[in-house]
Amino acid sequence: QVQLVESGGGLVQAGGSLTLSCEASGFSLRNNAIGWFRRALGKEREAVSCITSEGSTYSVNFVKGRFAISRDNAKNTVYLQMNSLTPDDTAIYYCAAVAPRAPSICSFDVGWYAYWGQGTQVTVSS
């Protein structure tokens, strides 16, 4: 069964750091781009960052310089290192993979991806 499982969320003070993990099972992440998205309470999901199968990374403007996405193919896992967190970063964070049109490349479009994890809650206090 294809699964993506996020972990690493929790409560952190503003200015702090947190690392999220996205572990895949039932398929290999090696040939897949992985996107990180988030949904704040009462809002729609929005893109955060993405990494291609070749390791190229992309991030939206509001996290550039603060968040870093990386992958470890041997562990079938993608990470999101989050630094300088603010209360505006409070959200459920999701990872996504396997785009039918082109699984190896990135997109910030939610509809691009076929598989999603259950999400992990990140709460940043002031």
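The values are calculated or read from the model by the stated rules, or taken from the named source; none is laboratory data. Not measured: the values here are computed from a predicted model. A quick note on method: Cβ atoms are made from the backbone with ideal geometry, for glycine too, and the neighbour counts reach across all protein chains shown. Side chains are part of the model used for accessible areas, which takes the heavy atoms of the whole protein and leaves out ligands, DNA and RNA. Shrake-Rupley method; radii C 1.70, N 1.55, O 1.52, S 1.80 Å.
Restricting the first member to the range 31-48 and to residues that are farther than 22 Å from S70 by Cβ and without any contact (Cβ under 8 Å) to a residue 60 or more places away in the chain, and the second to residues that are of a type in the set (D, E) and open to solvent by 10 Å² or more (accessible area, probe 1.4 Å), the beta-carbon pairs closer than 9 Å and six or more apart or on different chains are A40/E46; A40/D88.
Considering only residues that are open to solvent by 20 Å² or more (accessible area, probe 1.4 Å) and either acidic (D, E) or at positive phi (or both), which ones fall in the range 84-111?
Within the range 84-111, S84, D88, V98, D109 qualify.
If you take the residues in the range 61-83 that are assigned to a loop (DSSP other than H, G, I, E, B) and exposed (fewer than 14 other Cβ atoms within 10 Å of the Cβ), which one is modelled with the lowest pLDDT? Ranking the qualifying residues of the range 61-83, first place goes to K64.
Taking the listed residues E23, E54, E44, the one that is over 14 Å from Q121 (Cβ atoms), open to solvent by 60 Å² or more (accessible area, probe 1.4 Å) and either part of a strand (DSSP E or B) or touching a helix residue (DSSP H, G or I) at 6+ places or on another chain (Cβ under 6 Å) (or both) is E23, with no other qualifying.
Does the range 86-100 contain any residue that is within 25 Å of R30 (Cβ to Cβ), of a type outside the set (A, V, I, L, M) and not in a strand (DSSP E or B)? Yes - at least one qualifying residue is present in the range 86-100.
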